[in-house]
Amino acid sequence: MALANNTNLSLALFLVLGTSMVVFTIPDDQLKETRMSVYFHDYSSGGPDSTVRAVVGFPGKSWNLAQFGTLFVSDDPITEGPDSESTPVGRGRGIFITASLDGLNTYVSFSIVFTNKAYNGSTIQIQGNGDQFTAVREYGVVSGTGKFRYANGYVTFENSSFDRSTSYAIIRCNISIRHY
Ligand SMILES: *[C@@H]1O[C@H](CO)[C@@H](O)[C@H](O)[C@H]1NC(C)=O
Ligand SMILES: *[C@@H]1O[C@H](CO)[C@@H](O)[C@H](O)[C@H]1NC(C)=O
Ligand SMILES: *[C@@H]1O[C@H](CO)[C@@H](O)[C@H](O)[C@H]1NC(C)=O
């Protein structure tokens with residue numbers, strides 16, 4: 001009896017969904033590929049000018065990149081070239097958390113919020129898990145908005161320079177995405 005009821009329900013759902021579902025197909029030749037290199041300016045001293053800061057960690061442990069469970073928030077300026085005075089492109093806004101017990105791995109979830117003329121107001125969403133201390137860090141691009149709707153692809157990060165005394169890093173970000 002229960003089986004019969006389920007079967008009837010499935011049939012009813014099929015009839016409802018099957019007749020009301022609208023399927024859009026977007027031809028593959030409308031898929032665009034965009035590649036760009038931009039530069040993040042990452043100030044992490046913990047001082048008032050910091051663009052990345054630890055916001056929470058385990059009580060009794062120091063809150064730092066190498067400590068499992070430390071959560072950071074960032075709002076890095078992004079420019080076209082490595083010079084901080086070069087044309088602004090947007091901001092790198094989001095969170096990352098040290099997500100391996102040995103402190104080597106970071107889980108990131110943040111957006112590039114574009115403010116330059118061509119992409120003003122559009123965003124891409126970067127997400128993933130990587131070894132934070134390797135020269136090249138790679139994460140997925142899982143979605144986007146505005147000019148980058150339906151985006152997917154990947155980004156790489158590599159330090160262009162790092163001044164240990166001021167904790168100021170210039171980080172090149174290569175973006176490779178496909179979108180409509
Ligand atoms: C980007 O958009 C904002 C709000 O719509 C506007 O105020 C700003 O002038 C725009 N910037 C550029 C570079 O076009
Ligand atoms: C790269 O920059 C980050 C700061 O964003 C720093 O923690 C890390 O040590 C730098 N890596 C190298 C290899 O200089
Ligand atoms: C990033 O792009 C530049 C050229 O725009 C290239 O020289 C560099 O090797 C790329 N980095 C990675 C990790 O692919």
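Tabulated data for the structure shown
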| quantity | calculated |
| --- | --- |
| Degrees, to the nearest 10: 2-20 long Cα axis against longest axis of the chain | 70 |
| Accessible surface, segment 30-180, averaged per residue in Å² (probe 1.4 Å) | 54 |
| Area accessible to solvent at THR87, 1.4 Å probe radius, in Å² | 70 |
| Tensor-based shape of the chain (alpha-carbon gyration tensor, a/c under 1.5 rounded, otherwise prolate or oblate) | oblate |
| Solvent-accessible area of ARG53 with every protein chain in place, 1.4 Å probe, in Å² to the nearest 10 | 110 |
| Gain on full stretching of the segment that runs from LEU101 to VAL55 - 0.36 nm per residue minus C-alpha separation | 14.7 nm |
| Derived scalar couplings ³J(HN,Hα) [segment 43-48; Karplus, 6.51 cos²θ - 1.76 cosθ + 1.60; whole Hz; x for Gly, Pro] | 9, 10, 5, x, x, x |
| Neighbourhood net charge (9 Å Cβ-Cβ; Lys/Arg +1, Asp/Glu -1) for SER111 | +2 |
| Where ARG35, ARG93 fall by accessible area, highest first, once all protein chains stay in place (1.4 Å) | ARG35, ARG93 |
| Carbon and sulfur %, accessible surface of segment 101-180 computed with the full protein complex present, 1.4 Å | 50 |
| Local electrostatic count at SER44 - Lys and Arg +1, Asp and Glu -1, tallied over other residues with Cβ under 14 Å | -3 |
| Probe 1.4 Å - accessible area at VAL136, Å² to nearest ten | 80 |
| Longest segment of the chain lacking GluC sites (Glu not before Pro) that sit in a DSSP loop with at most 16 other Cβ atoms within 10 Å | 86-180 |
| Qualifying chymotrypsin sites (Phe, Trp or Tyr not before Pro) for segment 80-157 [loop in DSSP, other Cβ within 10 Å: at most 14] | PHE133, TYR150 |
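The values are calculated or read from the model by the stated rules, or taken from the named source; none is laboratory data. Quantities reported herein were computed from a predicted structural model and do not represent experimental measurements. Positions of Cβ are generated from backbone atoms using ideal geometry, with glycine treated the same way; all protein chains shown enter the neighbour counts. Areas reflect the complete protein model, heavy atoms only, side chains present, ligands, DNA and RNA absent. Shrake-Rupley method; radii C 1.70, N 1.55, O 1.52, S 1.80 Å.
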